[in-house]
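Take a look at the structure set out below.
Each value in this text was obtained by applying a stated rule to the coordinates, not by laboratory testing. Predicted model, so just to flag it, every value in this text is computed and none were measured. Reconstructed Cβ throughout: ideal geometry from the backbone, glycine too, with neighbour counts over all protein chains shown.
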Protein chains: 2
Amino acid sequence: MNGQELFSEERSAAVVAASFQGTRDERLRQVMTSLVRHVHAFVKDVELTEAEWGKAIAFLTATGQQCDGVRQEFILLSDILGVSMLVETMNHRTGGTSTESTVLGPFHMVESPPRELGANIALDGKGAPCLITGQVSGPDGEPLAGAQVDVWQANEDGFYDVQQPGIQPERNLRGLFTTDAGGGFWFRSIVPRYYPIPADGPVGELLAATGRHPYRPAHVHFIVTAAGYRPVTTHVFVAGDPYIDSDAVFGVKDSLIREFPVVDAPARAAEVGLPNPFRTVHFDVTLLREEQAPLAAQPAEVQPIPVPGALA
Amino acid sequence: MNGQELFSEERSAAVVAASFQGTRDERLRQVMTSLVRHVHAFVKDVELTEAEWGKAIAFLTATGQQCDGVRQEFILLSDILGVSMLVETMNHRTGGTSTESTVLGPFHMVESPPRELGANIALDGKGAPCLITGQVSGPDGEPLAGAQVDVWQANEDGFYDVQQPGIQPERNLRGLFTTDAGGGFWFRSIVPRYYPIPADGPVGELLAATGRHPYRPAHVHFIVTAAGYRPVTTHVFVAGDPYIDSDAVFGVKDSLIREFPVVDAPARAAEVGLPNPFRTVHFDVTLLREEQAPLAAQPAEVQPIPVPGALA
């Protein structure tokens, strides 16, 4: 037989996978073959009905049609299914020796303005004042002078500046800092607030139908880069946030949660240029060297799916 | 912990699946949980890169945006991944005792016009004349008088009438027949021709990138219904078609292939109202009774994926 085996329920995945054997790009062939195997296994696992298949087609179509220049509903879908976090994590394994990464998110659409250490990025003066400090270092603890620390966060109302076009000041709560001779950075901002991902489209409907909320726990975004080292895209999360253990996009990692304690010290407040009392957080960042080989996969967890808390 | 376990590569599927545990609709919970497990397994299996993830997002978005009132690109995607055939086959198991089903396809958009037995549905007079005959019966061989036989097919150029709006005559190559006292049907048409599925969108690009052609082997569509029996949606395929073993949508089943032999018999041609010589095909249809219970799944085939021909 020149072409494929004929289709049957039992050998469906094998027949369809075989149709991709002529793919010249070896990687594309591998990806399509694996995709077919997993999609067919899913359809068989749940014995998908024709009505459910129709709903899936309608959902995917609506998701594609929700996308435009400022809204990417398929990324949102990837986010709430934990796929974005999985891809991010697999492609930036740390082996526990450097700062863990998390999702970039959709709000790094504009360049952060370069600012002097100590600057206040809360341009509108709203929110609980907060001093943010940290040090960037390499794997042996060597301080990294001249590293770039790019930060951005949502405002007191839970919006990023790009979500409120026309509202002044522009580039509120964004800044690009350069570490000092000791690798240190510090700047003034506000304590971030939790916020919902856009929930007025098909992904929001899916969250509602499955009893899930759309909130992300409060966080400040960081991208830290230094010549000769691997960059890291990450967040620092506010300990105690009501959504810290139910992030809609699964971005929280234990190693990225920090206390934001209150400091009641008038002299220190005056020194850093904040009203007394103020909040503070310290977040050190460790980078891997560029030449370090990518790390191998962690052993995958298999059946059965534990109920919440069973791994605690 | 109130909410989810925090995310990690090793327990990603378990953490995300747990987020769906609050879904009130038990079936939706089952489907989402299985979907998450299989999607995460796929991403880990191929170690999807960030660039590949980006391409996948762009592909899905373009697929959604290709859809409109007359084009459904996600159904096309489901078709070329064999998912449509799998869902159709799983939901219409025959146990080998009745006519097998295959995909409905996107071209049954209009009602077929009722016609008398023997009518010629090739209204434009183009193509190789063909006499199509058959009998509809139940599981014990009982002939089903008054059964409805709905047929449609592509024309000599490989197009369905609905793909060529404005071209007369309307409803060319469609007919709704009623079986006679012996369950028999017969009508005149043309030998169908292979044709490509729409290949000018993202799905066509995927086919091209993977070295697959977009053709479906020649076939006539049937939907056969009878009171008290389960309807069947199927095709009869032309044996020897160049694409019979490489249908772009995997619709071909052995049991649905028929010879379309040439008949060279002037008296018979005159009797049926066709020029001599003419082609002919005989396709009997057996229906299950409505009350027969759905059949269980066939045992699934597992690893490894055989190379083409290995099962021959």
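Express the relative contact order of the stretch B:124-176 as a whole percentage, based on alpha carbon pairs under 8 Å and six or more residues apart in sequence.
Here the relative contact order equals 34 percent.
Please build a GNM for chain B, connecting alpha carbons under 10 Å apart, and tell me which residue among B:P217, B:P266, B:P192 fluctuates the most.
Comparing B:P217, B:P266, B:P192 in a Gaussian network model of chain B, the most mobile one is B:P266.
Run through all the Cα pairs of chain A and give the fraction in each 10 Å bin from 0, expressed as whole percent.
Histogramming chain A at 10 Å steps yields 5, 21, 29, 23, 13, 6, 2, 0, 0 percent.
Can you list the residues of the stretch B:55-92 with backbone N under 18 Å from a point 7 Å past the Cα of A:Q65, pointing along Cα to Cβ?
Under cut-off, by backbone N: B:60-78.
Can you give the longest run of chain A that contains no GluC sites (Glu not before Pro) sitting in a DSSP loop with at most 10 other Cβ atoms inside 10 Å?
With a cap of 10 other Cβ atoms within 10 Å, the longest stretch comes to A:117-290.
From the phi angles alone, apply the Karplus equation (6.51, -1.76, 1.60; θ = phi - 60°) to the stretch A:255-261 and give each ³J(HN,Hα) in whole Hz, x where the residue is Gly or Pro.
Result, rounded to whole Hz: 5, 9, 8, 10, 6, 10, x.
Who wins for biggest fluctuation among B:D140, B:D284, B:D161 in a Gaussian network model of chain B, springs between alpha carbons below 10 Å?
B:D140
Once the piece of chain linking A:A208 and A:D45 is laid out straight, how much longer is it, given 0.36 nm per residue of separation minus the C-alpha distance between them?
Length gained, A:A208 through A:D45: 56.2 nm.
If amide hydrogens are placed 1.01 Å from N in the peptide plane, which non-local residues have theirs closer than 5 Å to the one on A:I257?
Here the answer is A:F237, since their amide H atoms fall under 5 Å of that of A:I257.
Which whole number gives the average, over all residues in A:48-54, of C-beta atoms from other chains lying within 10 Å of the residue C-beta? Mind showing how you got there, number by number?
Working: counts 8, 5, 7, 1, 5, 9, 2.
That average works out to 5.
What are the nm distances, shortest first, from B:P143 to its equivalents in the other copies, labels at 7 Å along Cα→Cβ?
Output for B:P143: 9.9 nm, nearest copy listed first.
Compute the label-point distances linking A:E156 to its equivalents in the other copies; points lie 7 Å from Cα along Cα→Cβ; give nm, one decimal, shortest first.
7.8
Seen from all sides and averaged, what is the projected area of the convex hull of the Cα atoms in the stretch A:150-192, in nm²?
3.3
For the stretch A:108-115, in order, what is each residue's ³J(HN,Hα) by Karplus, 6.51 cos²θ - 1.76 cosθ + 1.60 with θ = phi - 60°, in whole Hz (x at glycine and Pro)?
9, 7, 10, 6, 6, x, x, 9
At 222 nm, what value in deg cm²/dmol follows for chain B if DSSP H runs of at least 4 each add -39500 (n - 2.57) and the sum is divided by all its residues, to the nearest 500?
-7500 deg cm²/dmol
B:T23: net charge of surrounding residues, Cβ under 14 Å, Lys/Arg +1, Asp/Glu -1, itself excluded? Walk me through the numbers on the way to the answer.
Numbers: positive: A:R212, B:R24, B:R27, B:R29; negative: A:E205, B:D25, B:E26.
That sum, taken over residues with Cβ under 14 Å, equals +1.
Using a Gaussian network model of chain A with C-alpha springs under 10 Å, which one of A:T61, A:T225, A:T49 is most mobile by mean-square fluctuation?
Sorting by GNM fluctuation, first place goes to A:T49.
To check you understand DSSP bridge types, tell me what percent of the beta bridges within chain B (both residues inside) are antiparallel, rounded to 5.
On the way: 31 of 41 bridges.
Beta bridges within chain B, antiparallel portion: roughly 75 percent.
Under a 5 Å amide H to amide H cut-off, with H placed in plane at 1.01 Å, what residues pair with B:R71 once short-range neighbours are removed?
Those qualifying (amide H under 5 Å, at least 5 residues apart or on another chain) number zero.
Take every Cα-Cα pair in the protein assembly as shown and report what % of them are more than 47 Å apart.
31
Hey, what do the phi angles of the stretch A:266-280 turn into as Karplus ³J(HN,Hα) couplings, whole Hz, using 6.51/-1.76/1.60 and θ = phi - 60°, x for Gly and Pro?
Result, ordered by residue: x, 5, 5, 4, 5, 4, 8, x, 10, x, 9, x, 9, 9, 8 Hz.
For B:I190, which sequence-distant residues (separation of 5 or more, or a different chain) have an amide H within less than 5 Å of its own amide H, given hydrogens modelled in the peptide plane?
B:C130
Can you give me the relative contact order of chain B as a percent, contacts being Cα pairs under 8 Å and 6 or more apart?
In percent, rounded to a whole number, it is 19.
Considering the rotation that carries chain B onto chain A, locate the chain B residue whose Cβ comes closest to its axis and report the distance in whole Å.
For chain B, the closest residue to the axis carrying it onto A is B:G64, 1.
Remind me, what semi-axes does the stretch B:1-47 give for its equivalent ellipsoid, largest first in whole Å, using sqrt of 5 times each Cα gyration tensor eigenvalue?
20, 15, 4
Counting only DSSP beta bridges with both residues in the protein assembly as shown, what percent are antiparallel, rounded to the nearest 5?
Taking every DSSP beta bridge with both residues in the protein assembly as shown, the antiparallel ones total about 75 percent.
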